[in-house]
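The values are calculated or read from the model by the stated rules, or taken from the named source; none is laboratory data. If you're wondering where the values come from, they're calculated on a predicted model, not measured in any experiment. Every residue, glycine among them, receives a Cβ derived from its backbone with ideal geometry; neighbour counts consider all protein chains shown. To get the accessible areas, we keep the full protein, side chains included, count just its heavy atoms, and leave off ligands, DNA and RNA. Shrake-Rupley method; radii C 1.70, N 1.55, O 1.52, S 1.80 Å.
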Amino acid sequence: MADHQTPSTLESRLSEERVFEPPASFVSQANMTDASVYERFDRNYPAAFAEYAELLVWDREWDKVLDDSNPPFYRWFVGGRLNASVNCVDRHLESRGDRIAYHWVGEIGDERTLTYRELHRQVNEWAAMLRGLGVRENDVVTIHLPMVPELPIAMLACARIGAPHSVVFGGFSAHALSSRIDDAKSRFLVTIDGYYRRGQMLDHKKKGDEAIERADTDVEAVVVVTRNEEPAETLELVPGRDWLAKDLLEKHAGATVEPVSREASDILFLMYTSGTTGQPKGVQHSTGGYLAYATATSKWVLDIKPDDVYWCMADIGWITGHSYIVYGPLSLGTTSILFEGAPDWPSKDIVWKIAREKGVKLFHTSPTAIRMFMKWGPEPVEKQANDFRLMVTVGEPIQPRAWKWYYDHVGHGDAVIVDTWWQTETGGHVIVGLPALRNMRPGHAGRPLPGIDARIVDDEGNEVPQGSNKAGNLVLCRPWPGMLQTLYGADARFIEEYWARFSDTSSKDWKDWRYRTGDGAYQVHGDFRIMGRLDDVINVAGHRLGTMELESACQTVEEVAEAAVAVKRDEQKGHVPEVYAILKEGASRDGIEAKIVRAIEEEIGKFARPSRVHIVDDLPKTRSGKIMRRLLQNISNDEALGDTTTLRDPTVPVTIREQIAREPAKTREEVATEASDIELP
Ligand code: WT7
């Protein structure tokens, strides 16, 4: 959704903004300090990307860096063969087997430490267990786990046997899980009995049971991890279908599984994400291109060194966790923190305390978390003296004020900040200044990475010239190794969603194809400032949601005749959805707001809850009957109404606004209290 900033207001703000240089102490030790890298990749595109592939170990070297014979279905490092689990685990055994891969910190004060050797043992046992249950190469395994060590272990075990994983964020509901199982025709599910949130054990397995019941796909086997030594009292197993991981693993104790050698363009995983329709999209990532890209960007952008301790506070259930908690950092052999808990439990300094105790040097989080820390004031962070070398922000545009707070209070003015723009689809960072080579401009993601060709085009596809101070659609004009291969089983939709609008789809020349990011952007001195989504995708506290998904969820409430979702700006979460609904003739209004909220929780998950539900008599519609969400947006954000001339009845938005002004503030508070849990992206 476009942030309603106009270039002229941006410009006046920009003139007040300072540019920050990376400290000399950072530059002198950085992984990437060669200023000619940009020029080298441009001159030598696409061959230069071999530098990324060379960071991996291959069973067989690639014949060709890029096969572009059938755009937009590009194949990277063709002919090469490799295994991702070997790259993330086995290759470190000899030189650094005793190095810690993960420090896991549980919510109730329990901790587990996994060395690379221990990780290797468990990944092998898991791989043997999955095989034993009938998982074969190319079978999709759905993993619905919270932040427990078994999550990366299960992913790597899948990678070892060539079974693509489809990790579904633990906060997704049974319904959401079930539609992802069906789309991937996934016959295997990994879940857990429960996990902790603010000291409470939550029943998680029941979501899996309900999802399987709803799904059309026949789920053959369910592996159930146990959060504690003993299974939770609530746990029920379906005989012949459900297996306790710990029972099966005992049988496979000490097993080793020969890693399956995968072709570079074989699928490593699927990650479902929201688009402009209600149906989630199965973003498909390759083994070779993706892993090379995640590894290289972890090295050059995040400046990860094998001896670092690094903490990315995202959830592995989203792409950030896949690339920058699992594949990139492990491929580089570093130590990461895994954190089960909420950032304010048991105290507001828990994050900084863990970071200090574990010696974290690289810290990675989102603007929404930074705004939350800001709200708590500098005391919790300053109490725990940390010394970060580099700090990352990802997920949404960061306001210069939040950037500055992060810089001053978390980084003490001497840590580098990298604002990393990318998407589930891009596999890894795309627009971000290489930290030792670029100055930092708060609020700007920076310059495209080497080899990336990012441009801004108007709605007709004409390029907006650099320096013209105009905003437009952000497009990527060259293939890159981390890019999605397609949408799983939906090639036509892949072209439709990402390419058709700004490409010549009849061309066989990649130069005629431009990838549509869906974001609006603006360029200043070659640095990109991202303005946010231009399509019907919204970003709530770093979680990506489709307005259509939310609206279809509202439609499941019997009394609802029609619903529209507007996006309201929110100081904490960035954006929050607000629902406007019309009820059917004669339907009861009793408790209807709560019903709608519950439907959204059920269809998507608690993290998608709207901040407010408005029951209205009519929705603003054009003469052809299209709902004008833009006007609802104006109402939600207390803005002047935009153009209403195309409305069938121009009085409708005015009436809605008056009605809302009369609504008791309580409605908002009631819904908001429930929605206040902090779930990190
Ligand atoms: C959308 C992608 C990238 C991993 C997490 C989100 C927004 C992401 C930034 C940033 C401004 C950003 C964009 C993008 N976004 N990073 N640094 N500055 N906006 O992945 O769920 O696929 O969402 O997040 O709007 O399109 P995702």
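Considered as a group, the residues in segment 313-341 that are more than 16 Å from the ligand (Cβ to nearest atom) and not in a loop (DSSP other than H, G, I, E, B) include one that is farthest from the chain's Cα centre (by Cα), and that residue is T335. For the condition touching a strand residue (DSSP E or B) at 6+ places or on another chain (Cβ under 9 Å), aromatic (F, W, Y) and closer than 28 Å to W422 by Cβ, Y196 does not qualify. Of all residues in segment 504-522, those satisfying the criterion of being away from the ligand (no atom under 12 Å from the Cβ) and either among the acidic types (D, E) or over 29 Å from N439 (Cα atoms) (or both) are D504, T505, S506, S507, K508, D509, W510, K511, D512, W513. Only residues that are within 27 Å of H543 (Cβ to Cβ) and either open to solvent by 50 Å² or more (accessible area, probe 1.4 Å) or assigned to a helix (DSSP H, G or I) (or both) were counted across segment 588-625, and they come to 15. For segment 420-427, state whether one or more residues are more than 14 Å from the ligand (Cβ to nearest atom) and either part of a loop (DSSP other than H, G, I, E, B) or surrounded by fewer than 19 Cβ atoms within 10 Å (Cβ to Cβ) (or both). No, segment 420-427 contains no residue that is more than 14 Å from the ligand (Cβ to nearest atom) and either part of a loop (DSSP other than H, G, I, E, B) or surrounded by fewer than 19 Cβ atoms within 10 Å (Cβ to Cβ) (or both).
Quick one: is Y38 surrounded by 22 or more Cβ atoms within 10 Å (Cβ to Cβ), assigned to a helix (DSSP H, G or I) and touching a residue at least 24 places away in the same chain (Cβ under 8 Å)? So Y38 fails the test. Output the number of the condition that I452 fails; it satisfies all remaining conditions of (1) open to solvent by 20 Å² or more (accessible area, probe 1.4 Å); (2) within 16 Å of the ligand (Cβ to nearest atom). That leaves (1) as the condition not met.
Give just the number: which of (1) away from the ligand (no atom under 16 Å from the Cβ); (2) in contact with a helix residue (DSSP H, G or I) (Cβ under 7 Å, 6 or more places away or on another chain) does A594 not satisfy? If we test A594 against (1) away from the ligand (no atom under 16 Å from the Cβ); (2) in contact with a helix residue (DSSP H, G or I) (Cβ under 7 Å, 6 or more places away or on another chain), just (2) comes out false. Looking across segment 388-406 at every residue that is more than 9 Å from the ligand (Cβ to nearest atom) and in contact with a Gly (Cβ under 7 Å, 6 or more places away or on another chain), the one that is nearest to K358 (Cα to Cα) is identified as F388.
For the criterion of being closer than 25 Å to V37 by Cα, away from the ligand (no atom under 16 Å from the Cβ) and open to solvent by 10 Å² or more (accessible area, probe 1.4 Å), W300 passes.
When V464 is tested against (1) modelled with pLDDT under 95; (2) among the β-branched types (V, I, T); (3) within 16 Å of the ligand (Cβ to nearest atom), just one condition goes unmet, and that condition is (3). Scanning segment 180-204 for residues that are buried (at least 23 other Cβ atoms within 10 Å of the Cβ), assigned to a helix (DSSP H, G or I) and not β-branched (V, I, T) yields a single hit, R180.
Scanning segment 489-497 finds one or more residues that are farther than 15 Å from Y515 by Cβ and either β-branched (V, I, T) or not in a helix (DSSP H, G or I) (or both).
Flag not set for H409, criterion: over 15 Å from N539 (Cα atoms) and within 16 Å of the ligand (Cβ to nearest atom). Look at (1) in a helix (DSSP H, G or I); (2) open to solvent by less than 10 Å² (accessible area, probe 1.4 Å) and you find that R121 fails only one, number (2). Within segment 631-646, residues that are open to solvent by less than 50 Å² (accessible area, probe 1.4 Å) reach partners that are of a type in the set (D, E, K, R) with beta carbons closer than 6 Å, at six or more positions or on different chains, in the pairs I635/R657; S636/K568; S636/E578; N637/K568; N637/R569; G642/R630. If the condition is being within 21 Å of T295 (Cα to Cα) and of a type in the set (D, E, K, R), then segment 464-486 contributes only R478. Applying the condition of being acidic (D, E) and assigned to a loop (DSSP other than H, G, I, E, B) to segment 385-419 and asking which residue is surrounded by the most Cβ atoms within 10 Å (Cβ to Cβ) yields E396.
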